[in-house]
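Colleague: I have a structure I would like to understand better, so I am pasting it below and will then ask my questions one at a time.
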Amino acid sequence: MNSQPLSDEDLIRNFQNGDAQAFDEIVARYRIPLYNFIYRILGDAVFAEDLLQETFIRIWTNRHSYRAIAKFSTWIYTIAGNLAKSELRRKKVHRWLSLSIGSGSFADDKSRALEIADEEADPTLDYERKNIKQRVDKEISRLPLVFKEAIILRDIQELSYEEISIILKIPLGTVKSRVNRGRARLQKRLTDLR
Amino acid sequence: MLSCEHFEQNWTTWKAAKLAPVIADEMLAHSLECAHCRHYTAETDELRTLLEHSSLYQPSAEFAANLEQAILDIRRRDVARSMRAPGLFPRWAVLSAGLATGLAIGLMLLLPGEIDEQPNSNLAAVTPPPTAFVPDERLAEQTASSQRADEPVKDTLRARQDTAVSPPFEVNQRSRMVSSGGR
């Protein structure tokens, strides 16, 4: 028998009714996309993992506050995004207080996250590809937050404009405009790679 | 006619073939006519290819175990909290209710109990007690029934009636006059 995989909304409903397995499935589905989203906003692997854990804990403790009128993906991304932005503000204040502006950048080796290995990696192309990846990541991390989050959600996480509008709490037109302006900035900075 | 701004905004949805057929046709027509939007399409296609090559990161191997432990800790804390306050209501509500009940009982004990029994008790404060006149009336009745023209008794009666309306100083004066023979 070939059973259809449950939708996110079905899973959270089952979890609300006491099915702990449903929560495990939610974690399995969202662990990597959410981690990438948080990590790209913060640029720090340790903090990103802490916030990822906090996001799932909030889902666990506030499971009954989720209403089926909203898409589950927008709910979970909103929680993760709010946590990441709060952490970013806290880090900015901390950095300003400790007068160490310029440290803790995305490319910092200590704060770098584990990369998922490419299964069909070709050793001859590996070095070049790695360089391109690092460069693209660095340029994304250098974008202003408003463009960065729009680009990550649209072009990397591949969410719809409507979903992004709900997550970022901005009008649809503003989302489209931010995605376009973010892309334009990236294109300009990555000209030499093309 | 579709504007370049609309073309750029709809571009991703168009590429994902999720646009309504009518708008998709307009997009195609616009891209054939407009050099700027053709250039935009080429550039954005390239960028998206680059972004597809961007790294995909994953949390550490300990993440799942750490999350499980954190949730277990929260569940233990919740259980401990429910053990400490077993009941339907929170502890503050029970304490407040107890305090309010105690206060109400205290007030009931302190307030005079006659209030309900004497509904016109407010009048008692302004009217003089009737018992002050009873001996006088009895005395007057006795005087009338005996039909004796006893002067000192009449004077005493008059003096007593006066005391009911006159200040004590005058009463004393008059009673002294009575006792001294009315002079």
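Colleague: Residues that are free of Cβ contacts under 8 Å to residues at least 60 places away in the same chain and of a type in the set (S, T, N, Q): does the stretch A:150-163 have at least one?
Modeller: yes
Colleague: Search the stretch A:160-179 for residues being of a type in the set (Val, Ile, Thr) and buried (at least 18 other Cβ atoms within 10 Å of the Cβ), and hand back the single one that is farthest from A:Ser73 (Cα to Cα).
Modeller: A:Val179
Colleague: Which residue out of B:His39, B:His6, B:His30 is exposed (fewer than 14 other Cβ atoms within 10 Å of the Cβ) and under 30 Å from A:Arg178 (Cβ atoms)?
Modeller: Exactly one residue qualifies, and that residue is B:His39.
Colleague: How many residues are within 13 Å of chain B (Cβ to nearest Cβ) and either among the hydrophobic types (A, V, I, L, M, F, W, C) or not in a helix (DSSP H, G or I) (or both) when one looks only at the stretch A:160-172?
Modeller: The qualifying residues number 4.
Colleague: Could you identify the single residue in A:Glu115, A:Glu49 that is at pLDDT 90 or above and within 21 Å of the chain's Cα centre (by Cα)?
Modeller: Testing whether each residue is at pLDDT 90 or above and within 21 Å of the chain's Cα centre (by Cα) leaves just A:Glu49.
Colleague: While we're on this one: Which condition from (1) at pLDDT 95 or above; (2) over 16 Å from A:Leu153 (Cα atoms) is the one that A:Ala80 breaks?
Modeller: The number of the failed condition is (2).
Colleague: Identify the single condition in (1) more than 16 Å from B:Ala61 (Cα to Cα); (2) within 14 Å of another protein chain (Cβ to nearest Cβ) that A:Gln53 does not satisfy, given that it satisfies every other one.
Modeller: Going through the list (1) more than 16 Å from B:Ala61 (Cα to Cα); (2) within 14 Å of another protein chain (Cβ to nearest Cβ), A:Gln53 breaks only (1).
Colleague: Does the stretch A:2-14 contain any residue that is in contact with a strand residue (DSSP E or B) (Cβ under 6 Å, 6 or more places away or on another chain), modelled with pLDDT under 95 and aliphatic (A, V, I, L, M)?
Modeller: Checked against the condition, which is being in contact with a strand residue (DSSP E or B) (Cβ under 6 Å, 6 or more places away or on another chain), modelled with pLDDT under 95 and aliphatic (A, V, I, L, M), the stretch A:2-14 yields no hits at all.
Colleague: Out of B:Leu72, B:Leu56, report the one residue that is modelled with pLDDT of 90 or more, within 14 Å of chain A (Cβ to nearest Cβ) and under 28 Å from A:Tyr30 (Cβ atoms).
Modeller: B:Leu72
Colleague: Hey, can you tell me all the residues within the stretch A:37-68 that are surrounded by 23 or more Cβ atoms within 10 Å (Cβ to Cβ) and hydroxyl-bearing (Ser, Thr, Tyr)?
Modeller: Scanning the stretch A:37-68 gives A:Tyr39, A:Thr55.
Colleague: Quick check: anything in the stretch A:173-192 over 21 Å from B:His6 (Cα atoms), within 11 Å of chain B (Cβ to nearest Cβ) and either free of Cβ contacts under 8 Å to residues at least 24 places away in the same chain or among the small types (Gly, Ala, Ser) (or both)?
Modeller: yes
Colleague: A further question on this structure: Among the residues of the stretch A:28-50, how many are touching a Phe, Trp or Tyr at 6+ places or on another chain (Cβ under 9 Å) and more than 7 Å from chain B (Cβ to nearest Cβ)?
Modeller: Total satisfying the criteria: 12.
Colleague: Still on this model: Would you list the helices (runs of 4 or more DSSP H) that sit entirely within the stretch A:5-90 and hold 3 or more residues that are outside the structural domain of A:Phe147 (by TED's automatic domain parsing) and without any contact (Cβ under 8 Å) to a residue 40 or more places away in the chain?
Modeller: A:20-42, A:45-61
Colleague: Among (1) more than 9 Å from chain A (Cβ to nearest Cβ); (2) exposed (fewer than 10 other Cβ atoms within 10 Å of the Cβ), which single condition is B:Ala65 missing?
Modeller: With respect to (1) more than 9 Å from chain A (Cβ to nearest Cβ); (2) exposed (fewer than 10 other Cβ atoms within 10 Å of the Cβ), B:Ala65 is out only on (2).
The rows are residues; the columns are (1) in a loop (DSSP other than H, G, I, E, B); (2) crowded, with 19+ Cβ neighbours inside 10 Å; (3) modelled with pLDDT under 95.
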| site | (1), (2), (3) |
| --- | --- |
| A:Ile151 | no, yes, yes |
| A:Glu158 | yes, no, yes |
| A:Arg181 | no, no, yes |
| A:Gln187 | no, no, yes |
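Colleague: I'd like to know if the stretch A:18-36 contains one or more residues that are surrounded by fewer than 21 Cβ atoms within 10 Å (Cβ to Cβ) and in contact with a strand residue (DSSP E or B) (Cβ under 9 Å, 6 or more places away or on another chain).
Modeller: Yes, the conditions are met somewhere in the stretch A:18-36.
Colleague: At pLDDT 95 or above and either under 22 Å from A:Val146 (Cβ atoms) or not basic (Lys, Arg) (or both): does that describe A:Glu54?
Modeller: yes
The values are calculated or read from the model by the stated rules, or taken from the named source; none is laboratory data. Note that the structure is predicted; figures quoted are calculated from it, not measured. With ideal geometry, Cβ positions are generated from the backbone for all residues, glycine too; neighbour counts draw on all protein chains shown.
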